[in-house]
1. Restricting to region 266-299, count the residues that are under 17 Å from LEU218 (Cβ atoms) and not in a strand (DSSP E or B).
2. Could you run through region 314-336 and say how many residues are surrounded by 21 or more Cβ atoms within 10 Å (Cβ to Cβ), within 19 Å of GLY215 (Cβ to Cβ), touching a residue at least 60 places away in the same chain (Cβ under 8 Å) and of a type in the set (A, V, I, L, M, F, W, C)?
3. So for region 409-417 (the condition being of a type in the set (A, V, I, L, M, F, W, C), assigned by TED's automatic domain parsing to the domain that holds ARG217 and within 25 Å of SER280 (Cα to Cα)), does at least one residue qualify?
4. With the checklist (1) of a type in the set (S, T, N, Q); (2) surrounded by 15 or more Cβ atoms within 10 Å (Cβ to Cβ); (3) modelled with pLDDT under 95 in hand, flag the one item THR293 doesn't pass.
5. With crowded, with 17+ Cβ neighbours inside 10 Å and farther than 23 Å from ARG184 by Cα as the only criterion, which of PRO122, PRO151, PRO104, PRO65 stands out?
6. Taking region 32-52 as the search range and keeping residues that are surrounded by fewer than 24 Cβ atoms within 10 Å (Cβ to Cβ) and β-branched (Val, Ile, Thr), which one is nearest to the chain's Cα centre (by Cα)?
7. Would you mind finding the one in LEU355, LEU377, LEU321 that is modelled with pLDDT of 95 or more, over 17 Å from LEU218 (Cβ atoms), touching a Pro at 6+ places or on another chain (Cβ under 8 Å) and not in a strand (DSSP E or B)?
8. Just need a number here: residues in region 393-417 that are part of a helix (DSSP H, G or I), under 11 Å from LEU213 (Cα atoms) and not hydrophobic (A, V, I, L, M, F, W, C).
Amino acid sequence: MANERNARREIRAVLEVSGYRLVQLDSRLGETKLRADAVGYATNADGDLVPWIVVEAKNGPNAKPETTLPQLLQARELLGSIEHYAVLNGQWFRADRSLRSFEPVNAPVGPVNDGYGWITDPGLATALLSDRLWYEADRRRGEGRAEMFIPPAELFMETAIPGIETAQGDFVPVRPDVLWQARRRAVAGFTDRMRWAGEHATATDIADAVARLLGNRLGGTVLDPFCGIGNFLWAAVERAATLEGPAELIGQDINADLADLAGQVARTAPLLANVTAGDSFETPLPTADCVITAPPFGIKMSRPWTLLDGAQARELEIAALDLSLRQLRLGGRSVVLMPNSITFRQNLEPYRRFLANEFRVGALIGLPSGALTNTGLRAVLLVVDRAPAGETFVAQLGEDWRSQLSETGAVMNAALEHLDGE
């Protein structure tokens, strides 16, 4: 294994000397699980940084260039790469344009264009940023520091030229709109695999569903008073941007590290977005046209919260739902991820009746066990409009919940037809 790593590092060094300013080792090919030993990037005629050269390495007495052809062909098909090489026991071989034969060479051909390009591929930018996040997490573990690693906001600080500092210390310019997508995807993907994520982050699939359930109410001020790393906000940003409607996104979280991280991501958002640190039960919040949130489950508050019906509650998630409804403007919509116990707990019956009489409880969509990151808890998506009371759309989803809540999902479309007549 050590020899393999050393061989790849030598390949990287040769590619960098040859003029490839960005080199990825063990690089994923597009959205597939296939990988290439090395991919070097160069600037094309349009000034974009694109996959230019792919290298496959083999070692051993029986290694032949032809054995690398299947991998190189797949790489060309998936990446659109130009140059293809095999490295056998340290010897370089260049493939012809048709990828049918090889000739031995001393070193790879350098890129045609010497200019500095921008990354315009969201997949590549996300991969580079994800690699940096895991590099920092592994370094922290190697230092014997706490296992709960929240990516520091400094990793996302604005630079004179928008871009990413890679795990190898290189700086790569990234087109601003692509940088925004990469930050959102990389942070979400990273936290999805963290044990602590269930308390501070919600899966991107759920966040996207929440944004869809806002339906034709999406616009104006969108508030998340318990935003964590901001997944709900970012889903709303992307949907609002496609609808080309004016929207301002506001988030708040009591965890200052998470708020700082979300705040840095917000700086590259295509719409106005701002995240602050604070206790939403103590800090004044703006009224909003939309409230979307996923409060922590199972936490008891130190002081009881007085609900809209005059009763008191100590469960944080119930107080958070109540707070969300208080911040809604007339005609506004709230979509809140809640534990499914809200639908049957006996002590909440008076509050459920109050909501049914004073608001429009538009939809109640149950999620199966396992939908929430790193937890077996069951949850529901609760859609409430500040509007006259009406009927409720009810659905309990199974293992196909992702497809049911997708843009073309049957449950999503049925819910939106009920909510908005669309």
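The values are calculated or read from the model by the stated rules, or taken from the named source; none is laboratory data. Since this is a predicted model, take the numbers as computed values, not measurements. For neighbour counting, all protein chains shown are included, and Cβ atoms are generated from backbone atoms with ideal geometry for every residue, glycine included.
1. Taking region 266-299 and keeping what is under 17 Å from LEU218 (Cβ atoms), we get 269-273, 286-293.
Remaining after also requiring not in a strand (DSSP E or B): 269-271, 286-287.
Qualifying residue count, region 266-299: 5.
2. 1
3. First, pick out the residues of region 409-417 that are of a type in the set (A, V, I, L, M, F, W, C): 410-412, 414-416.
Next, only the ones that are assigned by TED's automatic domain parsing to the domain that holds ARG217 stay: 410-412, 414-416.
Cutting the leftovers down to within 25 Å of SER280 (Cα to Cα) gives us none.
No, region 409-417 has no match at all.
4. Failing condition for THR293: (3).
5. Values: PRO122 fails: farther than 23 Å from ARG184 by Cα; PRO151 fails: farther than 23 Å from ARG184 by Cα; PRO104 fails: crowded, with 17+ Cβ neighbours inside 10 Å.
It is PRO65.
6. THR32
7. Details: LEU355 fails: touching a Pro at 6+ places or on another chain (Cβ under 8 Å); LEU377 fails: modelled with pLDDT of 95 or more.
Matching residue, one of LEU355, LEU377, LEU321: LEU321.
8. 2
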